[in-house]
Amino acid sequence: MTSRPTGPRLLLVGGATPLPSSVDIVGTALAQARARGIRTHLTGRPEHLDRTPGVTALADEVFAVDPDDVAATLAWARDRRARGEGYDLVLGLRDPVQDTVAACAELFGAPGNPPAVMRRTRVKDLCRAALAAAGLPQPAVRLCAGRADALAFLADTAGPWVVKPRAGMGSTGVRKVTGPADLDPALAGLPDGEPFLLEEYVTGDEYSVEGVLLSDGPRFLAVTAKEKLPPPHFVEVGHVVPAALPAGADEEITREAGRALRALGLRTGVFHVELWRTAHGVVLGEVHVRPGGDWLHQLVASSRPGLELFGMLYDDVLGRPVAPVPPATRAAAVRFLAPPPGRLERITGWDEAAAHPAVLSARLTVSPGDTLRPVRDSGSRAGHLAVGAATPEAARALARELAASVTFEVTDASGPAGPRRLPAPGARGRDARPHDAPLHPAPPPRTDRTVTRP
């Protein structure tokens with residue numbers, strides 16, 4: 001009979017989706033765990049596990065369990081506990097799995113955020129209420145059951161407004177509304193028929209704060225400057241790390257982000273806090289207990305050479321010494337491609353942009369022959385280009401320059417007109433890595449790994 005391996009054990013709930021950024025985040029988390037002698041156990045949907053073999057190969061043991069189904073995962077976890085199995089750390093790196101992460105951490109007695117705290121953070125109207133109760137400025141918001149509720153809110157408040165799902169990500173279903181005439185198209189764009197939010201539109205520059213929450217408080221790693229396509233949709237097309245801010249603004253932003261973390265009662269994890277800097281001060285947006293998407297984890301790591309984001313969290317939870325945060329000696333930026341809709345005939349300039357020595361990573365998610373739809377959420381962008389540079393200004397300028405050098409030839413999908421040569425806001429071509437290969441170097445896969453399916 002083989003004895004159970006000793007040493008710390010990590011349960012990584014949800015694994016990776018097939019998105020390259022998700023693959024890279026999870027691959028990095030697994031590699032940093034392995035470097036610390038932590039055995040890794042990963043759960044995920046069967047279809048995601050099948051499409052991300054480069055990630056699952058890095059884990060010691062893999063289980064086909066739906067991480068979005070709290071009850072199903074808890075049933076699996078109780079069975080594991082009954083067999084004498086346990087976990088010292090429980091982590092999830094996507095928004096939809098955070099309720100499951102909290103429930104599993106509680107079941108196994110691992111450090112974590114209580115389920116009630118996690119729900120309060122993840123459900124946007126509950127989050128706004130908790131932040132407002134703590135004295136943090138918040139836009140007026142209403143949870144609406146239907147169109148009549150929304151019309152009443154429009155009548156009671158000054159516009160413009162924003163319609164958004166109660167819980168969601170990637171800007172899906174988020175749309176600006178300037179009056180009753182805009183309401184029906186906005187409601188039609190919501191991803192489901194559940195109650196939705198209508199809130200006042202906030203005018204100001206948008207930022208996010210990236211960091212990790214340890215037992216003695218948060219470590220702020222970067223303030224990120226954001227750029228979006230024009231409304232009515234809110235699709236992010238650019239990020240710069242660190243943001244170029246006036247004197248004192250960095251301290252103001254991180255102070256308010258810290259207040260938000262405390263107001264919600266969060267204890268541990270990687271965080272991504274969204275906010276606006278307005279004429280009247282900082283207004284908090286959404287708070288996420290996971291790394292920022294859109295390759296922000298890569299930008300932060302590039303700006304602070306030597307940083308191990310997940311390693312800091314692991315060491316803290318396990319009671320080991322936590323390395324100091326490396327200084328920010330560099331900058332980085334990412335630019336996303338938003339070509340016009342239509343039938344894609346040709347992409348030019350991609351290989352040349354990809355060959356630039358400052359490029360950190362890049363992907364194209366479209367090919368000639370594809371029909372491009374309007375860019376209305378993160379999933380409908382055509383790819384990304386990330387670069388490193390000495391300063392935020394240089395990184396932003398280089399990302400824009402390389403992006404502008406990539407051209408999409410698109411024909412109108414509704415008619416026989418010839419190709420139109422149109423520049424995209426940002427791009428870089430397909431690289432040579434397999435679809436799910438992590439960008440960061442990782443140890444070879446485990447030879448004793450097992451995959452368990454129902």
Inset, instruction - Search the stretch 97-124 for residues that are hydroxyl-bearing (S, T, Y) and pair each with any residue that is open to solvent by 20 Å² or more (accessible area, probe 1.4 Å) and part of a helix (DSSP H, G or I) when their beta-carbon atoms are under 7 Å apart and the residues are at least 6 apart or on different chains. - result: T100/V70
Inset, instruction - Collect the residues in the stretch 77-104 that are surrounded by 19 or more Cβ atoms within 10 Å (Cβ to Cβ), modelled with pLDDT of 95 or more and in a helix (DSSP H, G or I), keeping them in residue-number order. - result: A77, V97, Q98, D99, T100, V101, A102, A103, C104
Inset, instruction - Report whether or not T43 is crowded, with 24+ Cβ neighbours inside 10 Å, part of a helix (DSSP H, G or I) and at pLDDT 95 or above. - result: no
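If I filter the stretch 211-228 down to residues being hydrophobic (A, V, I, L, M, F, W, C) and out of contact with any Pro (no Cβ under 8 Å at 6 or more places or on another chain), which single residue comes out as most open to solvent (accessible area, probe 1.4 Å)?
Here the answer is F220.
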Inset, instruction - Could you run through the stretch 341-361 and say how many residues are open to solvent by 30 Å² or more (accessible area, probe 1.4 Å), outside any strand (DSSP E or B) and in contact (Cβ under 8 Å) with a residue 40 or more places away in the chain? - result: 4
Legend entry - Output for the stretch 232-265, where each listed residue is in a loop (DSSP other than H, G, I, E, B) and open to solvent by less than 20 Å² (accessible area, probe 1.4 Å): V235, A243
Legend entry - P327 open to solvent by 20 Å² or more (accessible area, probe 1.4 Å), assigned to a loop (DSSP other than H, G, I, E, B), without any contact (Cβ under 8 Å) to a residue 60 or more places away in the chain and touching a helix residue (DSSP H, G or I) at 6+ places or on another chain (Cβ under 9 Å): no
Inset, instruction - Would you check if D205 is open to solvent by 40 Å² or more (accessible area, probe 1.4 Å) and more than 25 Å from the chain's Cα centre (by Cα)? - result: no
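Is it fair to say V62 is under 30 Å from L197 (Cα atoms) and either in contact with a Gly (Cβ under 8 Å, 6 or more places away or on another chain) or assigned to a helix (DSSP H, G or I) (or both)?
Considered against the rule, which asks whether it is under 30 Å from L197 (Cα atoms) and either in contact with a Gly (Cβ under 8 Å, 6 or more places away or on another chain) or assigned to a helix (DSSP H, G or I) (or both), V62 comes out as no.
Conditions (1) open to solvent by less than 40 Å² (accessible area, probe 1.4 Å); (2) farther than 30 Å from V241 by Cα; (3) assigned to a loop (DSSP other than H, G, I, E, B), marked per residue:
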| residue | (1), (2), (3) |
| --- | --- |
| V162 | yes, no, no |
| A167 | no, no, yes |
| D184 | no, yes, no |
| D192 | no, yes, yes |
| E199 | yes, no, no |
| V209 | yes, no, no |
Legend entry - Evaluation of H288 against (1) open to solvent by 30 Å² or more (accessible area, probe 1.4 Å); (2) at pLDDT 95 or above; (3) over 23 Å from I38 (Cα atoms) (one fails), failing number: (1)
Inset, instruction - Name, by its number, the condition in (1) within 24 Å of the chain's Cα centre (by Cα); (2) surrounded by fewer than 19 Cβ atoms within 10 Å (Cβ to Cβ) that does not hold for A72. - result: (1)
Legend entry - Output for the stretch 25-39, where each listed residue is of a type in the set (A, V, I, L, M, F, W, C) and touching a His at 6+ places or on another chain (Cβ under 7 Å): I25, A31
Legend entry - When residues of the stretch 363-378 are limited to those that are more than 21 Å from H297 (Cβ to Cβ) and within 20 Å of the chain's Cα centre (by Cα), the one most open to solvent (accessible area, probe 1.4 Å): R376
Inset, instruction - Pairs only if they're at least six apart or on different chains, beta carbon under 8 angstrom, first in the stretch 238-257 and within 15 Å of A333 (Cα to Cα), second part of a loop (DSSP other than H, G, I, E, B) and open to solvent by 20 Å² or more (accessible area, probe 1.4 Å); list them, first residue then second. - result: G238/P425; H239/D294; P242/A328; A244/T391
Legend entry - Flag for D99 being under 21 Å from V317 (Cα atoms), of a type in the set (D, E, K, R) and touching a Lys or Arg at 6+ places or on another chain (Cβ under 6 Å): no
Legend entry - the stretch 379-411 - residue that is assigned to a helix (DSSP H, G or I) and crowded, with 19+ Cβ neighbours inside 10 Å and, of those, modelled with the lowest pLDDT: S380
Inset, instruction - Please tell me if T278 is out of contact with any Leu (no Cβ under 7 Å at 6 or more places or on another chain) and open to solvent by 10 Å² or more (accessible area, probe 1.4 Å). - result: yes
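The values are calculated or read from the model by the stated rules, or taken from the named source; none is laboratory data. From a predicted model like this one, the values you see are computed outputs, not experimental measurements. Neighbour counts run over all protein chains shown; Cβ positions are idealised from the backbone, glycine included. The accessibility values were calculated without ligands, DNA or RNA, using every heavy atom of the protein model including side chains. Shrake-Rupley method; radii C 1.70, N 1.55, O 1.52, S 1.80 Å.
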